[in-house]
Structures are given as structure tokens and as C-alpha cells.
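The values are calculated or read from the model by the stated rules, or taken from the named source; none is laboratory data. All figures in this text were calculated on a predicted structure; none of them were measured in a lab. Cβ placement follows ideal geometry from the backbone for every residue including glycine, while neighbour counts extend to all protein chains displayed. Ligands, DNA and RNA are stripped out before the accessible areas are found, and what is left, the full protein with its side chains, is counted by its heavy atoms. Shrake-Rupley method; radii C 1.70, N 1.55, O 1.52, S 1.80 Å.
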Amino acid sequence: MPTNDQPAHRKGAAPRDTQLRLLRAQRVARMGFIDWNLATNEVELSDEVYRLLGLDREIGPTMNVHLVEMVHPDDRTRVGEALERAARGEADYDLDHRMIRADGGVIWVHAQAVLSRDPAGQPETLLGTIVDITARKVAELALRESESRLRLALEVTQIGIWDWDLRVDDWSANGTYFHMLGYDRSVHAAHRQFWSERVHPDDRQRVVETMLDVRDRGLPRFDIEYRIRHADGTYRWVNSVGRATEFDPQGRAVRLVGIRGDITERKLAAARLAESEARVARAQKLESIGQLTGGIAHDFNNLLTVIIGNSEDLIEELHDRPQLAQLAGTVKIAGERGAELTSRLLAFARKQALEPKRIQAAAIVHGVLTLLRRTLGAHIEIDVVAEPDTWPVHVDPGQLEQALLNLCINARDAMPGGGRIVIESANVVLSRDDVAAEVGVPAGDYVMVAVADTGSGIPADQLALVFDPFYTTKPAGKGTGLGLSMVYGFTIQSGGAVKIYSEVGAGTVVKLYLPRASGGPAGEPSRDSATSAHLARGDELILLVEDDGLVRSHATRLLQSLGYRVLPAANGPEALEIARGERTIDLLFTDVMMPGGMSGPELALHIRKVRPNLRVLFTSGYTDNAIVHFGRVDPGTALLHKPYDRRRLAEKIQQALAGPDPAG
């Protein structure tokens, strides 16, 4: 075996071209030859070794000790021990290590050597090769560094990696695959069956079919989300992505690899976002319906004002003809029922004018009990659970009573065979923004009023519809579908929120969250005093402004029947022209919403510039932001709701005339 670039010195003459080919092969392979004489410790090196180490061939024979000194200090002990073992004939020399070139540069080499013995069998020389493997080592180090970064990234992102060899059903995974679900790889068996048993029952078939699609049906890759049981017993959402990497001659996958990540938080966030979007969509839908129903209610209230008023006139005129008077009474009752429906529509549309007072919700609950027991019947048991010292709220007591009555009637209808209703009032603090967002109100202090029943419950797919006007789960003819709509509108208009919980066969709970009122203790809810059978009358001059001709004629007749003098006008400009005259006007009685570019409040403002002492009574079947803000009538404003009858008109006219002087 030649040990330098002049092999003929040791082996005899060789053709020149053979030597040249050998030299070129050494250079191409970057392979050098070493011949170490164990007796003299001299080392003969081929020209390629000189080039690899940057040595000068003219320095003469090289001692092995000099060559060993060129080994990197961190590898020197390992190289020395390996050479000694090879020199003793204990093992061939085969090692990767670093060398320091004469110019100080560091290279990686792969060195191999075998022992040659003399005729007596004694160790004589070590013959070997040395190859520059720096490029390969750099690539390997880069690969290891990349793999290390990948492992770190996978650990940080909690990505599990798995590998399944279908030929021998050998399944393996990294530690993260186990740890993300609370399992220990050293304790729990790393086999496919272990995990398939933990897939949620509702997802298991889908996961199995996906794997079969990849294995048997040529699906190139898969990306599937499913639930899997954590070690603590809960289920987590995971995303598993993988592909087939090896196939048998028939094209069936025989090896699958993939990754799995925990996406539970992402799923929860998506669910919260979907719920929020659904809540916004419902609110927008209800707002749109509210605008429509509010406008319809306004027109109906004008008609009902005329119907109810004229039926009263007929009843009086037909007092000596009882059969006809009874018919007129029936018309009045129908009109009053229509008025109740429009009132509920306005409540849902949040266009009713509330008259809020600072009250205790618990007092309202106890106050309405007698009416509830009489209305609901003996087959319904009613329990009240009222927390002592509940905070005051600022709501319309009459509307809260009506809301409770509607909820209890709905509860009764859900229990035709009898059952139990529990009315609860309690203080609640919604201190976390996410909890407040779930309820639909800002964080803060609230009084919760709840009505729970033991009835039939409402299917989940119908819960989102129960607050829609005219929607009902009752049989045909068994309700208007406006009860919950009224509750919804009143609560939202009062600054609160409504939540409904129901399960088929387990009953329903409706919770009203009313904001806590600031200030001192709440007063008792006031009750309207019984009015005298005698209608209040007068002879004052009233400027009546009403754009609807039927209502204007009817109101004129009613006022005149009460003794008042009337100046009717069809719109604001006409009324303003009348007011600029010289006659003394005692009261402006005007509709709020009128066509022609001038509303009732604007008319009152213009007239008071020339008549600052003029008292004003507004009337409307549909409130807007002119005199009602946040559902509350502006302080000092007198308002008569349409439809109205003669008695209500007489009372309001007297109250307005007796009110304080607007000019102070």
C-alpha cells in the first residue's frame, strides 16, 4: 500500500500515468495516506496530507508526536487513546476528529488505519488514510442545530409528533404528544389503541373514517379537528394534521406521519365570538322589528283613540237602549284590548315613555303576589325568595309588575297540570368583563329578578326566537306572542338585560338584570289614587294641534263635552299663526310627531317665545327623542298617552292647567 505520492520508492517502478491517475484521485477525494513506523515513530505523509494540514514538505521526516500535536486539544485525548489501542493490535483505528492546520484553521477529518506486523508477528507500522470531512460536519452540525430549534419550537408551541408504521402496526410519538394531555410517556403505553379509546365518542367514527381514507382510498393528507379526553377527565379540542409517506405496490399507505396540537382555547374563543356575533345579530334584528312595530303602533293608537272615544259616546247616547249600548261596550272593550297590544308593541320597540321611580324590586314582587295567585289559579304553587336589603333600582314600577305578570302567565301555561313558580330577587355583582358580556350589560352592580318554573321547557333551537314579537310556543289562539317581547323591551329600555335558560322537561328560568340605582334608600312604589266618578271640567281656551283629522275631530268633541273652548289646528305652522293672535290661550294640547317640518316640542318652543306663560300638554302614540330620552319623559313635561278616553283626558288637562308657570 503506498504511503506517499512516490509509491515506486517502496513498491517498485510503476507506469507514470498510473501514478498521475492516483494523484488526481487523491486530490478529488481529498484523501491522504499515512505510514507510521512504530519502531522509529516517524510518519510518512502523502502530498494530499501536506495540503490538508498546510504543511511544508521540505521540513523533512515528520514525527508522530508532531502530527498528534496538530489534533484539536478537545479531541487529543480521544485520538491518543485510539492510536494506542490500534498500535497494540486491540482495534483498528477509525475516528472523526478535528485537526488544526499550520495556518491556524480547523478542519474535520475522518482517519482510518490498520496495523501491519513484521515476519515475527510484531507490530511494525500503522497504514492509514485521512479524508477532509469538514463540509459534511458543518452540514451535520447545521442539521442538528435546526433539529434542536425545531424541537424547542415544538415544545414551546405544544406540538406533538407521531409516526405510524402500518406494516407492523408500530406507533410512536414524542413526549409533547403525551404531555399536552396530561399523560406520561414512561407510564402510559405508547400505542395507537390507547389514544383511539380516548377520542370523544361523538368524534370517534369521523376520525376512524379519515384514517381509512388516507390508508385505503388514496387521500394524500388529512387535517381533522376532534375532542380527546385529558388525563383529568375533561375533553380538549385537538387538531391533527398528517400524510402518508410510504406506499406498498398496490398504492396503499404503509406509513403515516403527522402532528397534533391543542386548539381548545382557539375553539373556546371561536365559540365566544360566534355567540357575540349571534347576540349582535339578534339585537339588530330585534331593533329592526322594533322600528317597524313602533311605527305601526303609532298609527293604530290614533285609530284606537277614535274608536274608544266614540264607543264611550255611543254608550252614553244609548243608555236607554241597553242592547245597542252593550254592542257599543263590546266595541270599547275590543278597542281597549287593541290598546293593550299596541302598548306591548311599544314596550318591545322601546318606544314607550317610562315613568321610572326609585323602588325596591322585592317590594314590587311581594306587592304583586295577590294578583298573581288570583290570576294563576290554585293549581300553581308560588314561592318567593327575596334577598334581604336588595339594592334600589330606578324603573317604572307598573312596567315591572306587568313584566312579572307576563312571565308568570307564561310559566303557568307551560304547566297545564300544575307546578311550581319561584320568583327570586337578589343583588349580583358582575365584576368580570367576560361575565358582563355574557349577560349583555357592562360590569357593575345589578338587582337580579328571576322567574323559574317546573314546566315543559323550551327546545334549544327556539330559545333565540322567544323575544321576537308574535312568536309563541303556545298552541294557536293561546296567546299573542307579545308577553316576552314586552319584558325584553322594558328591561333593555331600563338599562338592563334579559337572559333565558331552559331545558325540555326541566323547566325555564328568565332572569332580569336591572342596574343598581345610586343615591339614598328606595321609596315604596306609589299607587294611583282612585279617581272620582265626577269628571273634571273647565272653560279654558285650548289650542289643539293634531295632524290626523279623525283624531282632531274626536279630541275637539271630547274637550267641548268637558266644557272647554277649542282652537283646532292641523299642523305646527297653522297653530303658530293662531297663537300669534290676540286671544288668550290657556293650554297648548299638541301631538308630538307631526308632518310638515315642525314637531310638537318645536311648536311649543316657538309659541313660548310670544306666550312664555303658556302651559303645554303633549300627546302621542309613539315617543321619539323629542320629549323622551333613555325611555324617560323629560322632567317637567306633561304627556298623555294615546289611546286615551274621556276620563284620562280630563285628568291630564286639569293636571296640566294646574301645573307650575313655565316662565317661573
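D75 passes all but one of (1) open to solvent by 50 Å² or more (accessible area, probe 1.4 Å); (2) of a type in the set (D, E); (3) outside any strand (DSSP E or B); (4) in contact with a strand residue (DSSP E or B) (Cβ under 6 Å, 6 or more places away or on another chain); which number fails?
So D75 meets the others, but not (1).
Which of (1) surrounded by 12 or more Cβ atoms within 10 Å (Cβ to Cβ); (2) touching a residue at least 60 places away in the same chain (Cβ under 8 Å) does A278 not meet, given it meets every other one?
Just one mismatch for A278, condition (1).
Hey, among the residues in the range 48-72 that are acidic (D, E) and modelled with pLDDT of 85 or more, which one's least open to solvent (accessible area, probe 1.4 Å)? Can you show your working first?
Narrowing the range 48-72 to residues acidic (D, E): 48, 56, 58, 69.
Applying the additional criterion that residues be modelled with pLDDT of 85 or more yields 48, 69.
Details: E48: 9, E69: 112 Å².
It comes out as E48.
Evaluate the range 569-582: report whether one residue or more is in a loop (DSSP other than H, G, I, E, B), out of contact with any helix residue (DSSP H, G or I) (no Cβ under 6 Å at 6 or more places or on another chain) and either among the aromatic types (F, W, Y) or touching a residue at least 40 places away in the same chain (Cβ under 8 Å) (or both).
Within the range 569-582, not a single residue is in a loop (DSSP other than H, G, I, E, B), out of contact with any helix residue (DSSP H, G or I) (no Cβ under 6 Å at 6 or more places or on another chain) and either among the aromatic types (F, W, Y) or touching a residue at least 40 places away in the same chain (Cβ under 8 Å) (or both).
Can V156 be described as modelled with pLDDT under 80 and exposed (fewer than 10 other Cβ atoms within 10 Å of the Cβ)? So that I can check it myself, show each step before the final result.
Numbers: modelled with pLDDT under 80: yes; exposed (fewer than 10 other Cβ atoms within 10 Å of the Cβ): yes.
Yes; evaluated as a whole, the condition is true for this residue.
When the range 467-504 is examined, which residues are found to be in a loop (DSSP other than H, G, I, E, B), open to solvent by 30 Å² or more (accessible area, probe 1.4 Å) and modelled with pLDDT under 85?
Start the filter on the range 467-504 by keeping residues that are in a loop (DSSP other than H, G, I, E, B), which leaves 467-482, 494-496, 504.
Add one more test, that the residue is open to solvent by 30 Å² or more (accessible area, probe 1.4 Å), and what stays is 470-480, 495, 504.
Passing the criteria: F470, Y471, T472, T473, K474, P475, A476, G477, K478, G479, T480, G495.
Please identify the pairs in which a residue from the range 210-234 that is under 25 Å from R185 (Cβ atoms) and touching a residue at least 40 places away in the same chain (Cβ under 8 Å) has its Cβ atom under 6 Å from the Cβ atom of a residue that is part of a loop (DSSP other than H, G, I, E, B) and among the aliphatic types (A, V, I, L, M), counting only partners at least 6 apart or on another chain.
Qualifying pairs under 6 Å: H230/L181.
For L372, are the conditions met, namely being modelled with pLDDT of 85 or more, assigned to a helix (DSSP H, G or I), under 27 Å from F467 (Cβ atoms) and under 41 Å from the mean Cα position of the chain (by Cα)? Break it down into steps so the answer makes sense when it comes.
Numbers: modelled with pLDDT of 85 or more: no; assigned to a helix (DSSP H, G or I): yes; under 27 Å from F467 (Cβ atoms): yes; under 41 Å from the mean Cα position of the chain (by Cα): yes.
No; evaluated as a whole, the condition is false for this residue.
Examine the range 413-421 for a residue that is touching a strand residue (DSSP E or B) at 6+ places or on another chain (Cβ under 6 Å) and closer than 18 Å to F490 by Cβ, and state whether such a residue exists.
Scanning the range 413-421 turns up no residue that is touching a strand residue (DSSP E or B) at 6+ places or on another chain (Cβ under 6 Å) and closer than 18 Å to F490 by Cβ.
Is there any pair with a first residue in the range 119-131 that is touching a residue at least 12 places away in the same chain (Cβ under 8 Å) and closer than 16 Å to D35 by Cβ and a second that is of a type in the set (K, R) and assigned to a strand (DSSP E or B) whose Cβ atoms are under 7 Å apart and which are 6 or more apart or on different chains, and what are they?
Correct list of pairs: P123/R117; E124/R117.
Determine which single condition L407 fails, assuming it passes every other condition in (1) free of Cβ contacts under 8 Å to residues at least 60 places away in the same chain; (2) under 24 Å from S456 (Cβ atoms); (3) surrounded by 19 or more Cβ atoms within 10 Å (Cβ to Cβ).
Every listed condition holds for L407 apart from (1).
Can you confirm whether the range 107-117 contains a residue that is within 60 Å of the chain's Cα centre (by Cα) and at pLDDT 90 or above?
Within the range 107-117, the first condition is being within 60 Å of the chain's Cα centre (by Cα), and the residues that meet it are 107-108.
With at pLDDT 90 or above added as a condition, the list becomes 107-108.
Yes: the range 107-117 contains one or more residues that are within 60 Å of the chain's Cα centre (by Cα) and at pLDDT 90 or above.
So which residues in the range 235-275 are polar (S, T, N, Q) and open to solvent by 60 Å² or more (accessible area, probe 1.4 Å)? Before you say what the answer is, go through the steps one by one.
Let us first name the residues in the range 235-275 that are polar (S, T, N, Q), namely 239-240, 245, 250, 264.
Residue satisfying the conditions is Q250 alone.
When both residues are 6+ apart or on different chains and their Cβ atoms are under 7 Å apart, which pairs have a first residue that lies in the range 302-328 and is farther than 20 Å from S561 by Cα, and a second that is open to solvent by 90 Å² or more (accessible area, probe 1.4 Å)?
Sorted first by the residue in the range 302-328, then by its partner, the list stays empty.
Out of the residues in the range 106-131 that are small (G, A, S) and assigned to a strand (DSSP E or B), state the one that is most open to solvent (accessible area, probe 1.4 Å). Before the answer, list the steps.
Step one: filter the range 106-131 for residues small (G, A, S), giving 111, 113, 116, 120-121, 128.
Now drop any that are not assigned to a strand (DSSP E or B), which leaves 111, 113, 116, 128.
Values: A111: 10, A113: 15, S116: 37, G128: 8 Å².
Result: S116.
Conditions: (1) at pLDDT 90 or above; (2) not in a loop (DSSP other than H, G, I, E, B). D103 meets all but one. Number of the miss?
Unmet for D103, out of (1) at pLDDT 90 or above; (2) not in a loop (DSSP other than H, G, I, E, B): (2).
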